[in-house]
Amino acid sequence: MRLWIVLGAVSAFVSVAAGAFGAHGLKARLPADLLTIFETGARYHMYHSLGLIAIGLVAQTRPSPLLSAAGWAMLAGILLFSGSLYALALTGVRALGAITPLGGLGFLAGWALLAAAVWRSGS
């Protein structure tokens, strides 16, 4: 499905921009622990942007409602996991870290749904 490839590509673009911002714009402004948190958000953001692209590629030959569910779960994971880490790093509000595991669950669900979709499609 073209939607997931486009969203994955746009998300990857944002991830690269966030990584560059962290490496160049925040390096002198954030303490090392918060910079590491920001970088973790950018790294997982990219991994799951590639996951969205994979979902879109698989959906082109094996369309399935499970693939759409996988895409939405992964997108929610990016917003909650990476978004909360970006916000935590930029604000220093540690309570935002409580949101991060919800994004991790979105990531796990996305990968599990992708596996289930491919498994169910046969061949």
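FYI, it's all coordinate maths here, none of it is from the lab. These numbers come from a predicted model, not from an experiment. For neighbour counting, all protein chains shown are included, and Cβ atoms are generated from backbone atoms with ideal geometry for every residue, glycine included.
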What is the local net charge at residue 88, summed over the other residues whose Cβ is closer than 14 Å to its Cβ (Lys, Arg +1; Asp, Glu -1)?
-1
Quick one: angle between helix 65-77 and the longest Cα principal axis of the chain, in degrees between 0 and 90, rounded to 10, please.
0 degrees
Hull surface divided by four, with the convex hull built on the Cα atoms of the stretch 11-123: how many nm²?
6.8 nm²
Please get the size of the charge dipole for the stretch 2-120, origin at its Cα centre, with Cβ charges of +1 on Lys and Arg and -1 on Asp and Glu, quoted in debye to the nearest 20.
140 debye
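What 222 nm value per residue comes from the helices of the chain, counting each DSSP H run with n ≥ 4 as -39,500 (n - 2.57) and dividing by all residues, nearest 500 deg cm²/dmol?
Taking each H run of at least 4 residues, the total per residue is -25500 deg cm²/dmol.
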Would you work out which of 121, 46, 16 lies farthest towards the positive end of the dipole of the chain, given +1 charges on the beta-carbon of Lys and Arg and -1 on that of Asp and Glu, about the Cα centre?
121
Please rank 81, 21, 107, fewest neighbouring Cβ atoms within 10 Å first, as an exposure proxy.
21, 107, 81
Charge-dipole axis of the chain as Lys and Arg at +1 and Asp and Glu at -1 on Cβ define it, positive-most pick from 88, 36, 73:
73
Extension gain residue 116-residue 14, at 0.36 nm per residue separation less the Cα-Cα distance, in nm?
33.9 nm
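What does the net charge come to around residue 69 if you take all other residues with beta carbon closer than 15 Å to its beta carbon, with K and R at +1 and D and E at -1?
So the environment of residue 69 carries a net charge of +2.
Quick check on packing: order 36-45, 91-100 by the mean number of other C-beta atoms within 10 Å, highest mean leading.
Result, highest mean Cβ count within 10 Å first: 36-45, 91-100.
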Summed side-chain charge close to residue 26 - residues other than residue 26 whose Cβ falls under 15 Å, Lys, Arg +1, Asp, Glu -1
+1
